[in-house]
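Participant: The following block contains the structure, expressed as structure tokens.
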Amino acid sequence: MPANYDDNNIFAKILRVEIPCHKIYEDAETLAFMDIMPRSEGHCLVIPKRPARNTLDADPASLAAVMASVQKVARAAKKAFAADGVTLAQYNESAAGQVVFHLHFHIMPRFEGVKLAHHGGPVADHALLAAQAEKIRAAL
């Protein structure tokens, strides 16, 4: 475990099933689930199961596994929502906008002329998130 990794962060708790999530995809190395404060319809996250604060300290094999899952889930999210494109975002440290210190990639389906919602907006309705997760799972 990286020396500066806090194993009490919210994503570590999700991995330990201490906090629920709206799961989309899981394999031996990664987990994908809905962002509870979405910036777009279908906004989801992909995280490694191995502890990593961010890209700067991630094990290269774990990072490669995360990227393969990001591609898989991004393709499914784009298809599920008939999006015009997809924004991928990943932040490293507070100065760059990182809030949760467990490596994670944001996948945000995008639509022509529609701006992203404000970062850190309100928590979405859980029934809506569950329906969106199902929609992406069906497109995998």
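Participant: Which of the residues belonging to the range 118-137 are of a type in the set (Val, Ile, Thr) and part of a loop (DSSP other than H, G, I, E, B)? Break it down into steps so the answer makes sense when it comes.
Facilitator: Keep residues of the range 118-137 that are of a type in the set (Val, Ile, Thr), which gives 123, 136.
Listed by number, the list holds a single entry, VAL123.
Participant: For ALA131, all conditions in the list (1) open to solvent by less than 70 Å² (accessible area, probe 1.4 Å); (2) closer than 14 Å to GLY42 by Cα; (3) in contact with a Lys or Arg (Cβ under 7 Å, 6 or more places away or on another chain) hold save one; what is the number of the exception?
Facilitator: For ALA131, the failing item is (3).
Participant: Taking the criterion of being open to solvent by 70 Å² or more (accessible area, probe 1.4 Å) and among the basic types (Lys, Arg), would at least one residue in the range 11-32 satisfy it?
Facilitator: Step one: list which residues in the range 11-32 are open to solvent by 70 Å² or more (accessible area, probe 1.4 Å), which gives 16-18, 20, 23, 26, 28.
If we keep only those that are among the basic types (Lys, Arg) as well, we get 16, 23.
Yes: the range 11-32 contains one or more residues that are open to solvent by 70 Å² or more (accessible area, probe 1.4 Å) and among the basic types (Lys, Arg).
Participant: Applying the selection to the range 20-43, what residues are in a strand (DSSP E or B) and in contact with a helix residue (DSSP H, G or I) (Cβ under 6 Å, 6 or more places away or on another chain)?
Facilitator: The first filter runs over the range 20-43 and keeps only residues in a strand (DSSP E or B), leaving 23-26, 30-34.
ILE24, TYR25, THR30, ALA32, MET34, listed by residue number.
The values are calculated or read from the model by the stated rules, or taken from the named source; none is laboratory data. Quantities reported herein were computed from a predicted structural model and do not represent experimental measurements. Every residue, glycine among them, receives a Cβ derived from its backbone with ideal geometry; neighbour counts consider all protein chains shown. Note: areas computed on protein heavy atoms with side chains; ligands, DNA, RNA excluded. Shrake-Rupley method; radii C 1.70, N 1.55, O 1.52, S 1.80 Å.
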